[in-house]
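The structure appears below as structure tokens.
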Amino acid sequence: MAEYYNENRDSLKDHQGLPVGKLAKRTVLVDNELTRVSFFELEPGDNTGWHKHESDYAALYLTDAKLFHTRIDGTQFTSEHKAREFKIHPVGVEHNVRSDANFTIKLLEIEYKTGIS
């Protein structure tokens, strides 16, 4: 499952100086022994906060999305997604994600605590 590095989700344990802007709204809908499902609402410019995914996870985009990713190694890239797109991501991703859209992005993040088989 994703580990956010402090209550404010604003920096990594070993990299306290990494900046992040305004945080997106995150609501945990389900959290049990198998999965955690979180609903994210990202206004333009909102950030997820620095975090590391300790499990495989997937995103279901409820709206179109344009996201700017910064990984812990300094890699940066933009991704664009269509509403109803479902994307599986690997374990171990350590990053902050910022909305680069001019509208509110809504998505569900599903974390698989036992892995994807």
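Every number here is computed from the coordinates shown, using simple stated rules; none is lab data. None of these values were measured; they are calculated from a predicted model. We place every Cβ from the backbone using ideal geometry, glycine too, and count neighbours over all the protein chains shown.
Tally time: how many residues in segment 66-88 are without any contact (Cβ under 8 Å) to a residue 12 or more places away in the chain and out of contact with any strand residue (DSSP E or B) (no Cβ under 6 Å at 6 or more places or on another chain)? Spell out the reasoning first.
So in segment 66-88, the residues without any contact (Cβ under 8 Å) to a residue 12 or more places away in the chain come out as 73-77.
Right, trim to out of contact with any strand residue (DSSP E or B) (no Cβ under 6 Å at 6 or more places or on another chain) and you get 73-75.
Of the residues in that region, 3 qualify.
Can you confirm whether segment 36-52 contains a residue that is at positive phi, buried (at least 16 other Cβ atoms within 10 Å of the Cβ) and not in a strand (DSSP E or B)?
So far as segment 36-52 goes, yes, one or more of its residues are at positive phi, buried (at least 16 other Cβ atoms within 10 Å of the Cβ) and not in a strand (DSSP E or B).
Enumerate the strands (runs of 3 or more DSSP E) found wholly within segment 55-117, keeping only those where 1 or more residues are surrounded by 16 or more Cβ atoms within 10 Å (Cβ to Cβ) and either in contact with a Pro (Cβ under 6 Å, 6 or more places away or on another chain) or among the hydrophobic types (A, V, I, L, M, F, W, C) (or both). Write out each step before concluding.
Working: elements: 56-61, 65-71, 76-81, 86-89, 94-99, 105-112.
In segment 55-117, 56-61, 65-71, 94-99, 105-112 are the strands (runs of 3 or more DSSP E) which contain 1 or more residues that are surrounded by 16 or more Cβ atoms within 10 Å (Cβ to Cβ) and either in contact with a Pro (Cβ under 6 Å, 6 or more places away or on another chain) or among the hydrophobic types (A, V, I, L, M, F, W, C) (or both).
Looking at Gly92, is it over 10 Å from the mean Cα position of the chain (by Cα) and free of Cβ contacts under 8 Å to residues at least 12 places away in the same chain? Working first, answer last.
Values: over 10 Å from the mean Cα position of the chain (by Cα): yes; free of Cβ contacts under 8 Å to residues at least 12 places away in the same chain: no.
Taking the combined requirement at face value, the residue does not satisfy it.
Can you say whether Thr27 is surrounded by fewer than 16 Cβ atoms within 10 Å (Cβ to Cβ) and in a strand (DSSP E or B), as far as the supplied structure shows?
Numbers: surrounded by fewer than 16 Cβ atoms within 10 Å (Cβ to Cβ): yes; in a strand (DSSP E or B): yes.
Yes: the conditions hold for Thr27.
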